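Let me begin by presenting the structure, written as structure tokens, before commenting on it.
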Amino acid sequence: MQHEHLGRHILQYCATMNQEPSPRKSSNKIFAQQFRYMTCFNLISNYMSWKRGEGKPPTLKALQETVSASPRHVADLIAALRDSNHVTAQRQATDRRSIYLIPSPKLLLEVARSPLSFLKISEGMRPADRSLADLLVGNSDLLALWIARSIEEFKKLDIVFRPFPNVVQFSTRDAGYLILTAVIGSYYSKIHEDEPWQGGLAPENLAGRFGVSRQHVRNLFSEARENGVFAVSSGQLSEISPALVDEFETWSVGQMAHYRLLAEEMRDLAGTETISAHP
């Protein structure tokens, strides 16, 4: 929290989260909302638990039992993930009625996008002997296990969401967290003037970047102003609550610590243990 360049590193994270070429818009429809995102975490965790011989087969029913949402909502999400090739439905030879949900490398990278970005800025602040992010990206089993370990720790104690009400509030809305990173990035770019924020905060810019409607962005901005969180005028950040800045900085440092510790666990595991009990 006391690192002299913390703000600059968070700006780097926000810039990464805002790099949204048009092919990502369809992915945002799936991932840029807390329920859908956390369901994917659970899907990967179920798969890795089974793959390591520690859990039940990764079926739709098993997933529905781990998520606090209606079975229909979970089934609809899985159907969308299958259609977009993020998940493969593997029918079992011994029981043709049994279908396992297999996360694709594409899904792993989508889910790990924010965690990897936090890991990278942590390595910018305190370099590792070798890049932990590169190690994970280069090994899909390690990447999947890293994600699975994250949700395991979250289930033991919610230090991820509970202390951060504004982050949670935005993350429950379509592309809300991404829009929040645009606001935070804009704030830090005013402090670090050598790194100007690209695109501004005009609703049409954010709507086009993240694949939501302009009215949706305006609604989020109106709620933020009414709640005293921040204000946007003419596409520029005009006010921001110091409490929100403190919250996002604490959230960011917590994410860095959480994923860095788990990445170091994966580094120590690599080459010393067979990750898969099932092929």
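The values are calculated or read from the model by the stated rules, or taken from the named source; none is laboratory data. Bear in mind the structure is a predicted one, so any value in this text is a computation, not a measurement. Here Cβ is always computed from backbone atoms with ideal geometry, including for glycine, and neighbour counts include all displayed protein chains. When the accessible area is computed, the model is the full protein with side chains, heavy atoms only, and any ligands, DNA or RNA have been set aside. Shrake-Rupley method; radii C 1.70, N 1.55, O 1.52, S 1.80 Å.
Mind checking whether some residue in the stretch 166-173 is modelled with pLDDT of 90 or more and over 15 Å from TYR37 (Cα atoms)? Yes; the residues of the stretch 166-173 include at least one that is modelled with pLDDT of 90 or more and over 15 Å from TYR37 (Cα atoms). Listed by first and then second residue, the pairs with beta-carbon distance under 7 Å, at least 6 apart or on different chains, first residue in the stretch 91-105 and open to solvent by less than 60 Å² (accessible area, probe 1.4 Å), second aromatic (Phe, Trp, Tyr) and at pLDDT 85 or above, are GLN92/TYR100; LEU101/TYR47; ILE102/TYR47; PRO103/TYR47. Of the helices (runs of 4 or more DSSP H) lying entirely inside the stretch 128-175, those containing at least 3 residues that are more than 21 Å from LEU107 (Cβ to Cβ) span 165-171. Considering the stretch 1-107, the qualifying helices (runs of 4 or more DSSP H), each wholly inside and each with 3 or more residues that are more than 19 Å from the chain's Cα centre (by Cα), run over 6-17, 34-51, 60-66, 71-83.
Could you say whether any residue in the stretch 214-236 is charged (D, E, K, R), within 22 Å of the chain's Cα centre (by Cα), part of a helix (DSSP H, G or I) and surrounded by 14 or more Cβ atoms within 10 Å (Cβ to Cβ)? Looking through the stretch 214-236, none of the residues is charged (D, E, K, R), within 22 Å of the chain's Cα centre (by Cα), part of a helix (DSSP H, G or I) and surrounded by 14 or more Cβ atoms within 10 Å (Cβ to Cβ). The residue that is nearest to ASN28 (Cα to Cα), among those in the stretch 167-211 that are surrounded by fewer than 18 Cβ atoms within 10 Å (Cβ to Cβ) and without any contact (Cβ under 8 Å) to a residue 24 or more places away in the chain, is GLY208. For the stretch 125-140, does any single residue satisfy the condition of being among the β-branched types (Val, Ile, Thr), surrounded by 16 or more Cβ atoms within 10 Å (Cβ to Cβ) and under 27 Å from ILE78 (Cα atoms)? Yes, there is a match, as at least one residue in the stretch 125-140 is among the β-branched types (Val, Ile, Thr), surrounded by 16 or more Cβ atoms within 10 Å (Cβ to Cβ) and under 27 Å from ILE78 (Cα atoms). The residues listed here are PHE31, PHE35; of these, the one that is within 24 Å of ARG149 (Cα to Cα), open to solvent by 50 Å² or more (accessible area, probe 1.4 Å) and aromatic (Phe, Trp, Tyr) is PHE35. Taking the numbered list (1) modelled with pLDDT under 95; (2) in a helix (DSSP H, G or I); (3) open to solvent by less than 40 Å² (accessible area, probe 1.4 Å) in turn, GLU247 passes all entries but (1).
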